[in-house]
Every structure is written in C-alpha cells, then in structure tokens.
1. Could you pull out the residue among B:Asp56, B:Asp33, B:Asp20, B:Asp6 that is closer than 30 Å to A:Leu88 by Cβ and of a type in the set (Asp, Glu)?
2. Identify all residues within region B:196-221 that are assigned to a strand (DSSP E or B) and at pLDDT below 85; write none if there are none.
3. So which residues in region A:186-222 are buried (at least 18 other Cβ atoms within 10 Å of the Cβ), among the charged types (D, E, K, R) and farther than 20 Å from B:Glu44 by Cβ?
4. Select from region A:105-123 the residues that are at pLDDT 90 or above and either hydroxyl-bearing (Ser, Thr, Tyr) or under 30 Å from A:Glu160 (Cβ atoms) (or both) and list them in ascending order.
5. Checking A:Asp60 against (1) crowded, with 23+ Cβ neighbours inside 10 Å; (2) in contact with a helix residue (DSSP H, G or I) (Cβ under 7 Å, 6 or more places away or on another chain); (3) in contact (Cβ under 8 Å) with a residue 40 or more places away in the chain: exactly one of these is not met. Which one?
6. Could you tell me which of the residues B:Arg89, B:Arg36, B:Arg60 is at pLDDT below 90 and surrounded by 12 or more Cβ atoms within 10 Å (Cβ to Cβ)?
7. Being farther than 25 Å from B:Tyr5 by Cα, out of contact with any Cys (no Cβ under 7 Å at 6 or more places or on another chain) and at pLDDT 85 or above narrows it down to one of A:Leu212, A:Leu164, A:Leu207, A:Leu180, so name that one.
8. Is it the case that B:Val24 is among the β-branched types (Val, Ile, Thr), surrounded by 15 or more Cβ atoms within 10 Å (Cβ to Cβ) and over 19 Å from A:Phe209 (Cα atoms)?
Amino acid sequence: MSTPQSAFCTDLPARKPVHRNDILNVKETHFSATTPTRGAAYIMTEFNEQNALEGLRNLDSQAIGAVYDQYFPEVYRYVRYRLGDDTLAEDIASDIFVRLMEASQKKQGPQTNLRAWLIATASNAVNDHFRRSYRRPVEALSEAMPDGGPSVHSEIDAREKQRLVQKAMAHLTSEQQHVLALRFGQGYSIEETAVFLEKNVNAVKALQFRALAALQRQIGEVNYE
Amino acid sequence: MNNVYDALEICLQEIEKGADLETVLRLYPDLADELRPILETSVEARNMAAGGPTPDVLRRGRSRVLQQAAQMREAKAQTSRRLWSVPLRRTLVSLAVIVALFVSSTNLVRAATTTLPGDNLYPVKRTWEDVLVMFTFNMQARQLLEVEHENERLEELYELFAEGRLAKVDFAGTVTRQNGDLWLVSKVPVVISAGTDLRDPPILPGDAVRVRGVTQADGTVLAERVERLSEGTPLPVVDEDDSLENASELSGNENESEEQDSDDDSSGPGSAGTPRPAPASEKVSLDGVVDSIHGTLVVVNGQPMNISGAEIKGTPSTGTTVRVEGYYDASGLFIVTKIEFRDGGSDGGSESDDNDDSNGNDNVDGNQANDNDNSAGDDNDNSNDSDNNDDNANDNSGDDD
C-alpha cells in the first residue's frame with residue numbers, strides 16, 4: 001500500500017534507476033560473432049541485456065543510449081545492405097529503435113534476445129519499404145558519368161557492379177535476401193544465422209545455397225537487360 | 001544434395017579465412033562446376049557489405065532516438081498525471097475553494113463587525129447576525145443574542161449621530177416620551193413627520209416599537225415607519241440608571257404631562273415634563289437634568305436639544321443639572337445657544353420653579369428610583385425643599401396610601 005506521499009508523487013511508475021555500468025560492464029570481452037569487420041575479433045563492452053530491457057521499459061535515457069550504441073551499427077549495416085541506400089538506412093535504422101521503445105512500453109518488446117528482435121524488425125521494415133516502393137515506383141536518378149582517369153573508371157565500374165547486384169537482389173524473396181544479409185552483410189556464422197532465422201543449420205545451408213543461386217541468375221538477367 | 005550445401009558452407013568459410021577461390025574449389029573437384037558460380041556470387045554479395053555508420057549518422061540517429069524517448073516520457077508522465085490527478089486535483093480544488101470561502105467569509109464577517117448602516121459591508125453584518133441567531137437553538141441564548149443585536153443597533157445610532165452621518169436605520173425600543181412630533185425611543189430622539197407610517201396607532205409611552213427611519217444631522221431619527229412590537233420581542237437594554245430614570249419619568253410624566261399640558265400652556269415651553277415647542281426663533285431659557293448625551297444632541301428632561309452651536313459651560317455629563325438657553329427651530333427641535341452644566345444639582349432657575357425644583361430634587365437625591373419606589377420616609381429626606389414635597393406627594397401618593 002502506497003503512502004499518501006507516494007500517491008502524490010506517482011507521475012511516473014516507480015522505476016529502478018538503471019546505471020550505465022549496470023548495462024555495460026567495464027570488463028571488455030571479445031565477441032567474434034558481432035564483428036563489423038569480418039574475421040576480426042570485435043572488442044566491446046559486456047552488455048547486460050536484462051538491465052537494458054528493464055531500462056527500456058522505464059524509458060531510461062541511459063539504457064536507451066546503451067542499447068543504441070550497442071546495436072545501431074548492426075541494424076544500420078543490415079538495412080544498408082538490403083536497401084543499398086545510406087540515407088534510407090539511417091532513417092529506417094533509427095526508426096527501428098523508436099519502434100523498440102514503443103513496443104517496450106506496450107510490453108510487446110523483446111523479452112530475451114534483443115539483437116534478434118532488432119534484426120527481425122529491421123527485416124520487416126525493409127520488406128515494408130519494398131512493398132511501398134512497388135506500389136509507388138520511384139524513377140532512379142540517372143547517374144552522370146564523370147570524366148576521369150582509370151581509377152575513377154574502376155570505381156565507377158565497381159559501383160555499377162554493386163548497383164547491378166543490388167538490383168538483382170531485390171528480385172529475391174525476402175527470406176533469401178534476409179539470409180544473404182545476415183551471412184554476407186552482417187558476417188554472422190551459419191549457426192548465428194540459424195538462430196536469427198529460427199531454423200536448423202542444414203536448412204539455413206540449403207537456403208543460403210538457393211539464395212546465392214537465385215542471385216546469380218538475377219545478376220545474369222539484370223546484365224542481360 | 002546436402003553435400004553441396006555443406007561443401008558450399010565449407011568453401012565460404014575458407015574464403016572468409018582468406019583462401020583463394022580456385023584453391024577452395026580443389027577441395028571439391030566433382031562439385032567445382034556447380035560451386036564456382038555460386039562462390040563467385042557469394043563474393044559479389046560479400047562485396048556489397050557496407051561499413052558501419054559514420055559518426056555523423058550515429059550522432060543523428062542517437063539524438064533522434066533520445067528525443068523520441070523524452071517525448072514518450074513526457075506523454076507517459078502526462079497520462080500518469082491525468083490518471084492520478086483528475087480526482088485528486090478535483091478534491092484539492094474543492095478543498096481550496098472551501099478553505100478560501102471560509103477564510104474570505106470569516107475575514108468578511110470580521111471586517112463587517114465594525115460597520116455602520118450605510119456602509120457597503122453593513123448587510124454582511126446583519127446577515128451574519130441573522131445566521132448566528134438561526135443557528136442558536138437554545139432559546140435563552142437566542143434571546144440574549146437578539147437583545148445583544150438590538151443593543152448593537154443603538155450603538156450604531158450613537159456612532160452615526162457622533163459622526164453626523166445620514167443613514168437608514170432600524171432599531172427597537174420602548175417609547176419613553178412623546179412630545180408632539182418628537183418621541184424618545186430607547187433614549188433616541190425620533191421625529192415623527194406627516195410621512196411617517198404609524199402602524200397600529202395609537203402608540204403610547206411604554207409601548208415597545210420598532211422604528212425605521214433616517215438619521216438626521218441634528219442627532220434625531222426621522223421616522224419612516226414605527227410599528228408596535230408584540231410582547232416578548234427582544235428590546236435593547238438601556239443603561240440601568242437611565243432606564244430607571246426614564247421609568248420614573250414615565251410613571252410620573254404621564255400624569256404630569258396631562259396635567260401640566262394644560263398648566264404649561266401658560267407656563268411656556270420651558271416646562272420640563274412636557275416641553276412644548278415655542279414659536280420658531282423665540283428665545284427660551286429653561287433648567288433641567290441631562291438624561292443623556294449623544295454627540296451634539298443632549299436630552300434634558302426628556303427633550304432632545306441640539307447643542308452643536310451652543311456655548312457650553314461646565315463639564316457635560318449625564319445626570320447633571322443644566323441651564324439651557326435657545327429656541328425651537330421650524331421642525332420643533334430645540335436649538336441650544338447656551339448651556340451651562342452644573343455639578344451638584346443645585347436649584348436651577350427661576351423661570352419654572354415647579355419643574356426645576358422637582359428635577360433638582362431628583363438630582364440632589366441622585367436616585368429617582370428611591371423617590372418612586374420608597375415610602376414617605378424618602379420624602380422626609382427631601383422635606384427641606386417644600387417644592388419637592390409637593391411633587392413627591394403627587395408622585396408617590398399612591399404608594400403612601
């Protein structure tokens with residue numbers, strides 16, 4: 001039973017203050033699974049996910065900041081990989097974190113695996129974006145070919161190739177795009193990808209094979225066009 | 001087929017470790033043709049991987065997210081406040097209003113207690129008095145309270161007279177004298193005019209009445225309505241000595257006035273028992289005893305007199321003998337031009353000896369009640385004055401018998 005005084009002071013539900021050190025332990029740990037640079041061990045602070053989730057529910061700034069710092073680069077890379085657009089990736093990635101806060105308030109947020117929730121939400125957000133784009137196709141601006149030396153030409157060639165692959169990838173199914181983004185965009189291992197996709201490893205291996213085969217076909221078709 | 005998937009995964013891992021495509025394909029020569037385009041595509045797919053967000057992107061995204069969090073916190077706080085505070089706020093506001101009303105009304109009533117008729121807050125004072133009476137359920141206490149309020153009406157009148165203010169007044173009292181158009185009600189001189197509404201006439205001395213009228217600058221109340229009050233109506237308690245004095249005057253004066261009215265026709269307006277207005281501007285001189293003093297109004301032998309323009313000698317005080325010179329104005333009020341207060345109540349003047357002596361006797365004794373109430377022994381005390389004996393014999397004839 002709350003005291004009268006506490007009843008007067010209940011603007012916000014009583015919340016346990018979450019200190020940044022409760023979320024991020026000062027001890028540094030190696031996480032090879034979350035490497036932004038493939039193959040290299042990624043040094044990061046240990047992240048206390050339960051404290052972070054508690055802080056998110058209370059809209060604690062420290063907790064939100066810690067979660068953002070921890071996961072934004074991964075989410076951004078994922079979205080950027082699938083869309084091939086920096087600006088869009090920035091908007092959609094930050095929007096994922098707003099959705100995370102809203103879901104936490106509605107008690108529909110992640111209960112355990114925060115990263116999986118973020119990536120799954122990012123995947124859905126990208127799919128939504130594609131659906132909207134299909135309904136309202138936007139003519140891409142023609143890229144002017146700047147004059148320049150061989151290095152410039154090679155860079156343009158590389159960009160053009162990336163653009164073709166991006167275009168080809170857009171013809172894959174959402175699941176195929178998702179597995180490629182996780183495996184090659186994020187650099188997750190086949191086991192981690194299996195966790196994200198909630199499939200067994202063999203199923204992911206098969207999906208990965210079919211996705212690459214489909215992409216190869218689509219690149220050929222895009223080249224032909 | 002699983003072999004192809006496994007082979008692809010192993011090849012991908014080798015490539016990730018830095019192995020060359022051709023080297024990797026040599027691990028699975030029978031699947032090399034099938035794996036080659038897949039592995040080449042995987043390289044393309046891997047090349048698409050973007051770097052991490054730039055510091056600017058990180059900063060912008062962070063501030064956007066934290067700003068959104070702040071907005072959500074504010075919205076949540078407002079919702080919580082609304083949920084909790086609507087009934088709470090209503091209760092607090094109600095309490096505040098009640099307290100404010102109580103405090104303001106208490107202050108208002110306190111401020112109104114010193115007001116006089118004609119003041120803005122005077123109705124508050126009267127209403128508060130009514131409320132007090134209404135919530136006094138003990139009959140005795142209620143009667144005392146009503147008497148107290150009637151006394152307050154008289155006090156207000158005295159203050160109005162002292163300040164020379166004109167205001168509508170309303171007071172109750174006993175008619176102690178009736179001198180033509182000038183009555184004395186609870187020692188307050190009341191002017192009866194042609195416009196006065198007299199309820200239940202005739203009203204005689206000794207009747208309890210309620211007077212409504214307007215105070216005049218000369219220290220009288222111009223009556224608008226006089227109504228007789230029923231028995232048991234609370235009346236103000238006038239000063240005991242004065243009331244006794246008035247009572248004695250009334251008991252004797254009723255007879256005296258009737259008798260002396262005829263006599264005084266010849267004796268002139270100076271007679272104390274029934275002062276009669278003389279023609280206006282005619283100078284009159286008389287002696288008497290001061291019944292009461294209200295500012296510039298002095299009641300001598302029951303006759304109100306205006307002394308505002310008078311030359312005053314001696315110390316004005318109730319009960320002292322005075323010699324008065326003045327005249328009656330058009331309204332019948334005696335305007336004093338000269339008044340001399342005499343200590344000790346010695347024999348007054350020569351112009352109306354009968355009256356003077358009788359009054360002098362009263363004041364020498366200093367106790368009219370004794371004159372009226374006591375037996376002839378008191379008369380003997382006053383026997384040194386032959387005139388007094390006559391008066392007292394008349395006054396107390398019934399007692400003596």
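1. Testing whether each residue is closer than 30 Å to A:Leu88 by Cβ and of a type in the set (Asp, Glu) leaves just B:Asp56.
2. B:Leu198, the sole residue that qualifies.
3. Residue satisfying the conditions is A:Glu192 alone.
4. Correct list: A:Ile119, A:Thr121, A:Ala122, A:Ser123.
5. For A:Asp60, the failing item is (2).
6. Matching residue, one of B:Arg89, B:Arg36, B:Arg60: B:Arg89.
7. A:Leu164
8. Spelling it out, it is not the case that B:Val24 is among the β-branched types (Val, Ile, Thr), surrounded by 15 or more Cβ atoms within 10 Å (Cβ to Cβ) and over 19 Å from A:Phe209 (Cα atoms).
The values are calculated or read from the model by the stated rules, or taken from the named source; none is laboratory data. Remember, it's a predicted structure, so these values are computed and weren't measured experimentally. Cβ atoms come from the backbone with ideal geometry, glycine included; neighbour counts cover every protein chain shown.
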